[in-house]
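See below for the structure under consideration.
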Amino acid sequence: MTDRPKLQDMSRRDREPLIHLEPDDLKPLPAPLDDPARRHAWPPLSAQARGRYEAALDDTCAVSVPQPATPEEEQALVAKFLSGLDKLFTRENNWTFLQPLLLSMEHCAKCQTCSEACHIYEASGGNELYRPTFRSELVRRLYFKFVKHGGVLSAWQHGDIEVNWPLVSRLIELAYRCNLCRRCAQTCPIGADNGLVAHELRKLFSQEMGIAAKEIHDTGSMLQLKVGSSTGMSAEVVKDNIQFIDEETSEKTGLTVETPWDVEGADVLLIHNAGEILAWPENPGAFAVILNAAGISWTLSSALAGYDSINYGLWYDDAQFARVAIKHAEAAKKLKVKKIVLGECGHAHKALSVIADRVLTGDLNIPRESSMTLLRDIVMSGRLKLDPSRNDFPVTLHDPCNLVRLMGVVEPQREVVRAICPQFREMAPHGVDNYCCGGGSGFAIMSGHNFPDWRFQVSGRKKLEQILNAFSDCLDPSIPKYLCAPCSNCKGQFRDMLAYYGLWEENRILYGGLVELIVNAMTDVKPGFIEWEWH
Ligand code: SF4
Ligand code: SF4
């Protein structure tokens with residue numbers, strides 16, 4: 001084990017992890033988590049997991065790749081890897097991302113500006129393994145050696161690397177140590193994209209080798225295409241749940257709340273991340289209150305995947321991505337709606353609004369809009385009667401990477417929060433410079449082995465620092481505080497990470513969406529829509 005692994009270490013044949021981080025190695029946290037009494041133990045990977053799965057990277061296991069039984073099996077996997085690598089660099093197999101991938105391979109100036117921007121690298125105390133260019137440099141060497149077939153001169157110029165199963169298996173795990181947040185790419189002076197390199201690796205492993213984290217593939221996109229939602233909810237179940245939410249919301253608000261289903265010709269097809277319906281029912285309930293009160297012609301869809309905006313293919317597999325995106329567009333086409341509006345889910349925004357533009361052509365190219373702009377227009381139009389004093393508690397706003405940095409939806413949600421939250425304070429930095437919650441790219445739903453400890457201790461650490469700094473003047477538990485995160489995946493990460501560090505119990509930091517703040521301020525609604533209870 002070494003603290004400063006080198007690229008060549010990735011091919012090491014022993015099964016010892018290259019690193020094992022301890023809390024002391026990590027970037028220190030601000031108050032109240034600077035208190036040693038609130039330090040969290042970080043268990044090593046279990047002996048059972050180390051015995052069964054490939055886990056020789058960093059003593060953590062995200063993907064649970066079984067160990068090959070024979071050397072022949074190992075060789076076959078390496079051969080598949082090299083054939084997949086070749087495909088990544090051909091137009092017919094990778095027309096979507098070939099150009100930026102080539103740019104990232106051939107033009108990196110090795111200036112390391114990107115390393116300064118990466119929250120994972122910074123949180124790890126600057127560990128080489130998590131430097132954004134560590135993974136990219138490995139792929140670059142493989143590219144020049146096996147795709148460009150460079151000889152001795154090329155190896156001298158670009159560096160050599162031995163390819164074997166230990167390297168490939170470590171690279172599988174390393175592709176899942178990046179949040180795909182693209183903060184590094186934003187700072188790169190030439191536009192090289194280390195996040196894209198991690199994405200392309202995940203794609204290779206999934207599309208060529210059938211290897212992906214089970215939470216985003218088996219119980220993610222596969223389940224969604226089979227039953228309609230990666231939550232496992234069929235259309236009948238989701239309708240039952242929404243009916244229950246309508247009843248609860250009616251009781252809570254004093255209004256009659258009804259959610260319309262399958263309304264042909266509606267102006268808006270609203271698609272929630274279905275996780276909201278199960279984990280945070282107040283969010284779809286609040287959407288219904290606002291859209292009804294604003295007189296919007298809207299509907300939900302009960303078509304396959306039409307009620308779940310999740311598209312995990314965005315993070316690991318272009319083919320799975322396209323299959324789900326087409327289902328979303330078909331649901332809208334069937335109902336002849338004027339546009340699709342995406343609920344509070346960042347990756348769903350980017351998936352259907354931006355990336356799906358390459359797939360949805362002809363009559364599937366239905367207009368798509370963010371709920372952030374729709375909500376801003378409703379709030380600013382004066383159609384709702386709002387009393388900001390009902391939200392008179394400290395509020396900060398998290399910027400989901402997919403929505404903000406990667407789509408430029410920065411201001412609409414801020415306009416709303418500024419208008420209705422008198423104690424709003426920004427995180428530093430924020431907007432397109434904000435940091436990932438640490439749960440991006442699927443991590444928020446990946447909970448195998450000791451991986452959650454890694455995402456709370458490492459990938460979520462910088463965001464945790466931002467949250468604590470934003471509330472540094474009001475950490476006392478007598479003051480309830482609201483972390484507004486208009487994204488289902490980010491909320492999942494915050495729910496788990498705030499609980500892990502005891503920040504609700506000890507410091508009364510609650511998290512929630514944007515629509516809950518709006519309904520909490522509506523004067524037509526019974527006071528107290530936001531219940532200061534942990535869930
Ligand atoms: S900032 Fe860009 S050019 Fe500089 S090392 Fe990072 S990827 Fe390479
Ligand atoms: S995409 Fe984000 S997590 Fe990945 S290397 Fe870049 S800054 Fe780090």
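The values are calculated or read from the model by the stated rules, or taken from the named source; none is laboratory data. Since we're looking at a predicted model, the values are computed, not measured. Virtual Cβ from ideal backbone geometry, glycine too; neighbours counted across all protein chains shown. Surface areas here come from the heavy atoms of the whole protein model, side chains and all, with no ligands, DNA or RNA. Shrake-Rupley method; radii C 1.70, N 1.55, O 1.52, S 1.80 Å.
Here is how the numbers come out for the structure above:
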read-out: Filter pass, Gly195 being more than 16 Å from ligand 2 (Cβ to nearest atom), open to solvent by less than 20 Å² (accessible area, probe 1.4 Å), under 19 Å from the mean Cα position of the chain (by Cα) and not hydroxyl-bearing (Ser, Thr, Tyr); value: no
read-out: Qualifying residue in the range 480-492 (condition: within 21 Å of Asn179 (Cα to Cα) and among the charged types (D, E, K, R)); value: yes
read-out: Only listed residue being open to solvent by 80 Å² or more (accessible area, probe 1.4 Å), within 29 Å of Leu503 (Cα to Cα) and more than 25 Å from the chain's Cα centre (by Cα), chosen from Ala47, Ala37, Ala31; value: Ala37
read-out: Members of the range 436-465 found to be more than 19 Å from Leu397 (Cα to Cα), aliphatic (A, V, I, L, M) and open to solvent by less than 50 Å² (accessible area, probe 1.4 Å), listed by number; value: Met446, Val458
read-out: Residues of the range 375-408 classified as of a type outside the set (Gly, Ala, Ser), open to solvent by 20 Å² or more (accessible area, probe 1.4 Å) and within 30 Å of Ile355 (Cβ to Cβ), total; value: 7
read-out: Counted residues, the range 411-430 - those being open to solvent by 30 Å² or more (accessible area, probe 1.4 Å) and within 21 Å of Ser488 (Cβ to Cβ); value: 1
read-out: Hits in the range 503-535 (condition: of a type outside the set (A, V, I, L, M), out of contact with any Lys or Arg (no Cβ under 7 Å at 6 or more places or on another chain) and over 26 Å from Leu255 (Cα atoms)); value: Trp504, Glu505, Glu506, Asn507
read-out: Checking Arg368 against (1) buried (at least 21 other Cβ atoms within 10 Å of the Cβ); (2) without any contact (Cβ under 8 Å) to a residue 40 or more places away in the chain; (3) out of contact with any Leu (no Cβ under 9 Å at 6 or more places or on another chain), the condition it does not meet; value: (3)
read-out: Lone unmet requirement of (1) surrounded by fewer than 24 Cβ atoms within 10 Å (Cβ to Cβ); (2) at pLDDT 95 or above; (3) closer than 22 Å to Asn273 by Cα for Asp433; value: (3)
read-out: Matching residues in the range 51-82 - criterion: being assigned to a helix (DSSP H, G or I) and polar (S, T, N, Q); value: Gln75
read-out: Tally of residues being among the small types (Gly, Ala, Ser), in a helix (DSSP H, G or I) and more than 15 Å from ligand 1 (Cβ to nearest atom) across the range 144-202; value: 4
read-out: Subset of the range 83-136 [away from ligand 1 (no atom under 14 Å from the Cβ), open to solvent by 60 Å² or more (accessible area, probe 1.4 Å) and assigned to a loop (DSSP other than H, G, I, E, B)]; value: Arg91, Glu92, Asn93, Trp95
read-out: Sole residue being among the β-branched types (Val, Ile, Thr) and outside any loop (DSSP other than H, G, I, E, B), chosen from Val416, Val404; value: Val416
read-out: Residues of the range 496-531 satisfying the condition of being touching a Phe, Trp or Tyr at 6+ places or on another chain (Cβ under 9 Å) and exposed (fewer than 14 other Cβ atoms within 10 Å of the Cβ); value: Ala499, Glu505
read-out: Selection status of Lys385, in contact with a Gly (Cβ under 6 Å, 6 or more places away or on another chain) and either of a type in the set (Lys, Arg) or modelled with pLDDT under 95 (or both); value: no
read-out: Residues (among the basic types (Lys, Arg) and either under 24 Å from Glu215 (Cα atoms) or touching a Phe, Trp or Tyr at 6+ places or on another chain (Cβ under 9 Å) (or both)) located in the range 61-101; value: Lys80
